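Visitor: There's a structure below that I have some questions on.
The values are calculated or read from the model by the stated rules, or taken from the named source; none is laboratory data. Only a predicted model underlies this, so the values are computations on that prediction, with no experimental measurement involved. Don't worry about glycine lacking a Cβ; one is built from the backbone with ideal geometry, like all the others, and counts go over all protein chains shown.
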Amino acid sequence: MPFQIIFIILRLRHRSDPMVQKRTGGAGFYISKDSSNLTFDNTMVSGFDVPVQIEDGAENITFNNLNISRSSPRKSFQALSTGYSGKEQFDPRREARKEDPFYGARLVVNEGAYKNLAEFDKLSESFLADNLCTPIAEIDPETGHLVHKLKVTKELPDRLCYAAYAVVNDLRNALDFAVCASCEVLNGRPAKKAYFPFAEGPKDLEGVFRRDTYSDIPVDLRPFLASLQTYPTGDTHEGGDDLLRAFAKIANPNKHQVPLRLGARNLDGVYTITNMNAIKAIDGFDPYWDRSKNEIVVAKTSPDGSCDYKFGAPFYISFADTGFLSEYPVSATLNEIMTKVDSIVLGLEAETARILQKRNT
């Protein structure tokens, strides 16, 4: 909505005007959202997308950074300088958001998850561009061979870890916010016992809906939530969504952190041999990533063997201990999850409207 400078003078003699009406059941006047503009005492008043309420007891309010104060003797409102600090502020955009129950769910995705992921991408690109490894050679106590390695000696920056944590929490909150918004609209009251339901299978999901902590979810909303199949695939049941279930594991509310780790893959062909004593080599260049030690094992030679090499390891950052997601970069994983969360929020909004329409017919 473009910013407007608005001067408002409301006198009691204008109560009969159809665009300025006494609120039923409460004090104050408001300008109907259907009005385009009105004139009071030669002052133009523009309409809003939402009702503008001026309570009788308000001493001053604010429209678009213009303070408007009550002049007690005249029982009217007049514009004052912006330097005056009012007791009550009015923001039409804020009021519009209050009228949109799904605003919070979209907010944490658009202003939270997207921006936190952009920060994560920037930090991870900078981190991975550095030289992360130090070449070392160690004797294997079991075989006596000399093992040539590239040891990762740099730790993931705290801010990078936090950015990933923030994205996960934003997306988890978006799902809960959307479910609560739908429940509040359909129930006509605040939803205190409504969360996005995750489960281990279809039967388990039915049990989740019966729990007291999910009792605010209306019966006619549950088929849509069940259709999302928020459980893993398996031999004992049909359907399932492994990505959603893996996300639930990452976003487990009982966890106080989102563990990340380095990974390295496609190691064939990313190295260059500069000098190697082939006669003394036990194993040639068949490098592999040892995740438990955060190192790339390059080659093994006899104790007096040598191995000189240049290695460009394709490192990536992944979630730790999350099943199949641990094999994929965090950025790609979170982008995929974000797309799914977006579609669920939109789906809940559309389903809520459909249920309301059905109830009213």
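Visitor: Restricting attention to the range 170-186, does a residue exist that is among the charged types (D, E, K, R), in a loop (DSSP other than H, G, I, E, B) and modelled with pLDDT of 95 or more?
Guide: For the range 170-186, residues among the charged types (D, E, K, R), in a loop (DSSP other than H, G, I, E, B) and modelled with pLDDT of 95 or more: absent.
Visitor: Within the range 158-179, how many residues turn out to be acidic (Asp, Glu) and farther than 19 Å from TYR214 by Cα? Full working, then the answer.
Guide: Pass one, the range 158-179, residues acidic (Asp, Glu): 158, 170, 176.
Imposing the further condition that a residue be farther than 19 Å from TYR214 by Cα reduces the set to 158, 170.
Final tally of qualifying residues: 2.
Visitor: Go through the residues of the range 98-120 one by one and say whether even a single one is surrounded by fewer than 17 Cβ atoms within 10 Å (Cβ to Cβ), within 25 Å of ILE337 (Cβ to Cβ) and touching a strand residue (DSSP E or B) at 6+ places or on another chain (Cβ under 7 Å).
Guide: No - not one qualifying residue is present in the range 98-120.
Visitor: Now for a separate question. For the range 196-220, give me the residue count where each residue is buried (at least 19 other Cβ atoms within 10 Å of the Cβ) and part of a loop (DSSP other than H, G, I, E, B). Explain how you work it out, then say what you get.
Guide: Of the range 196-220, the ones buried (at least 19 other Cβ atoms within 10 Å of the Cβ) are 196-199, 205, 208, 214, 216-217.
Those still in the list that are part of a loop (DSSP other than H, G, I, E, B) too: 196-199, 216-217.
Count: 6.
Visitor: To continue, here is another question. Would you check which residues across the range 298-332 are among the hydrophobic types (A, V, I, L, M, F, W, C), buried (at least 19 other Cβ atoms within 10 Å of the Cβ) and over 34 Å from the mean Cα position of the chain (by Cα) and list them?
Guide: Residues satisfying the conditions are VAL298, ALA299, CYS307.
Visitor: Could you please give the count of residues in the range 150-169 that are hydroxyl-bearing (Ser, Thr, Tyr) and part of a loop (DSSP other than H, G, I, E, B)?
Guide: Keep residues of the range 150-169 that are hydroxyl-bearing (Ser, Thr, Tyr), which gives 153, 162, 165.
Among the residues that remain, those that are also part of a loop (DSSP other than H, G, I, E, B) are: 153.
Residues meeting the conditions: 1.
Visitor: Restricting attention to the range 121-173, and to residues there that are among the polar types (S, T, N, Q) and surrounded by 12 or more Cβ atoms within 10 Å (Cβ to Cβ), which single residue is farthest from VAL341 (Cα to Cα)?
Guide: Restricting to residues being among the polar types (S, T, N, Q) and surrounded by 12 or more Cβ atoms within 10 Å (Cβ to Cβ), the top hit is THR134.
Visitor: Quick one: which strands (runs of 3 or more DSSP E) lie wholly within the range 275-333 and hold at least 1 residues that are at pLDDT 80 or above and of a type in the set (Asp, Glu)? Break it down stepwise before answering.
Guide: Numbers: elements: 281-283, 288-290, 295-301, 307-311, 315-319.
Result: 288-290, 295-301.
Visitor: Turning to a different aspect of this structure: Being assigned to a helix (DSSP H, G or I) and of a type in the set (A, V, I, L, M, F, W, C), is that true of even one residue in the range 227-241?
Guide: no
Visitor: Return a yes/no flag: does the range 130-139 have any residue that is over 22 Å from ALA264 (Cα atoms), modelled with pLDDT of 90 or more and in the same structural domain as LEU334 (by TED's automatic domain parsing). Full working, then the answer.
Guide: In the first step, residues of the range 130-139 are kept if they are over 22 Å from ALA264 (Cα atoms); the result is 139.
This time we only want the ones that are modelled with pLDDT of 90 or more, so: 139.
Adding the requirement that they be in the same structural domain as LEU334 (by TED's automatic domain parsing) leaves 139.
Yes, because at least one residue in the range 130-139 is over 22 Å from ALA264 (Cα atoms), modelled with pLDDT of 90 or more and in the same structural domain as LEU334 (by TED's automatic domain parsing).
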